[in-house]
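Readers should treat all values here as calculations from the given coordinates under stated rules, not as data from a laboratory. Note that the structure is a prediction, hence the values are computed from the model and not measured. For neighbour counting, all protein chains shown are included, and Cβ atoms are generated from backbone atoms with ideal geometry for every residue, glycine included.
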Amino acid sequence: MSTPDHPPAPVEPLAGDQRYLASVNRVLDTALNSRGGLGAYRHYEGLFQDTARLAWESGLLRAAVPFGGSQHPHLFMDWWHMLRSGGATRFLFRDILAHPSSYEPRALWALYWALAQAEHDFLYKFAPLWSNEERLTGHLLSQVVMQLDNFGPVWRDLAGTASSEPLCRITYIDTAAAGQEKYTGGDLGLVVHGRYSPGNEFFKAAVLQTKKADWSCGCRVDLAQADKLLQRESLGYYLLYHPYDKTCWCPTPTVHPAHLVKSDVAAAAKSTQKTVQKSMKSNGWDFAAFVTFGLADPASDIGVCAASPADVAKAVMTGCIVSKSSNDSQSSEGAVQPSRVLIMTLGQGASTLDWTGPSAFGRWVERASQG
């Protein structure tokens, strides 16, 4: 029996899981036994706890303790105590998240591990170059797109479909007009458009302002930009790139809610202060978990929900939803407008949409092409 004082017994892979486990051992064997990537969360307990809670609360995780124990904790803190008692990082990532049977639908296993592979390759290959935020964002996105494509056959296999229809379709949009790069920088719009059969089709969006973090998980925050990120609840986040040195504790990219700087923005309104150095070590999520168990979960509070591609584009590019009584409900002036948008269409039966057309991101694509 598993109790809060005694962690679950070692996991025995379910029948059929073994071949999938082998495909993620490159991440697990390297990262869990090092100070870079997943292994770094032994030194970042706040980030690891938030990541574990996000997975535990997600409707996409079949069970928080799906194997090796007869007692399922009803409270997260009981489960957290079990994780810490049983080698927390190893138990969460190898004994739970590595198993396709932990996910509902099972095909989302491919989303998490494609992103996990991408963020670790980014950490090892590109973080040491320590380029500016815009280039780092480009490197991260290239790894994400490549790994999502590499995991394509696994998506179909886990979904049990003989159809050649891809279960993860990627659309990349460049929205940076000439002369505006200094305002958009490396900022990124993320959109998940999904349909988890037999569920309803959904759209969710988030805007991530990218920052290079220091060795203490801190970054310099522009308070005027932070105020823009806070204009719409659940839309704005910070994406931190962490420096890499194999002798130091180095997490993969992490995501942090913009409301962490809300009090600083309020204080700045009464002073002339324009920036603040902010530590974000205590709150946030691993990038792969943020996307999989947050943005891709239609019931989570991460990201804003939208009813249509037009609403998605409006939310990402202006921070608001299209008004039913006006063609353009609010001006986009002052919004954090990302220089690039990545759209992930997930699930069998999700509509094929023209994301660069006039009913979605068309006018921003046209602006970018015209300069």
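Which of the three applies to region 18-370, rounded, prolate or oblate, going by the alpha-carbon gyration tensor with a ≥ b ≥ c and a/c under 1.5 meaning rounded? Before the final figure, lay out the partial values.
Working: a/c = 1.60, a/b = 1.20, b/c = 1.34.
Oblate is the answer for region 18-370, as a/c is 1.5 or above yet b/c matches or exceeds a/b.
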Open item on the list: I need the phi-derived Karplus couplings for region 250-263: 6.51 cos²θ - 1.76 cosθ + 1.60, θ = phi - 60°, integer Hz, Gly and Pro marked x.
Closed with: 10, x, 5, x, 10, 10, 9, x, 5, 5, 4, 9, 4, 5
Task: Per-residue HN-Hα couplings for region 207-213 [Karplus 6.51, -1.76, 1.60; θ = phi - 60°; Hz; x = Gly/Pro] - done: 10, 10, 8, 8, 9, 8, 8
Open item on the list: Taking a virtual spin label 7 Å from the Cα of Arg62 along the C-beta vector, which residues in region 131-161 bring their backbone nitrogen under 15 Å of it?
Closed with: 158-160
Task: In nm, spacing of pseudo-spin labels at Glu233 and Arg135 (7 Å Cα→C-beta vector) - done: 4.1
Open item on the list: Give me the one-decimal nm value for the distance between modelled label points at Tyr172 and Asn200, 7 Å along each residue's Cα-to-Cβ direction.
Closed with: 3.3
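Ala307 to Gln18: extension gain in nm, 0.36 nm per residue of separation minus the Cα-Cα distance? Walk me through the intermediate numbers first.
On the way: separation 289, 0.36 × 289 = 104.04 nm, distance 3.90 nm.
Gain on stretching Ala307 to Gln18: 100.1 nm.
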Task: Given Lys270/Lys314; Lys211/Lys278; Lys246/Lys281; Lys212/Lys274, the pairs whose alpha carbons are separated by over 23 Å - done: Lys270/Lys314
Open item on the list: Can you give me the distance in nm between label points at Cys248 and Asp29, each placed 7 Å from the Cα along the Cα-to-Cβ direction?
Closed with: 2.9
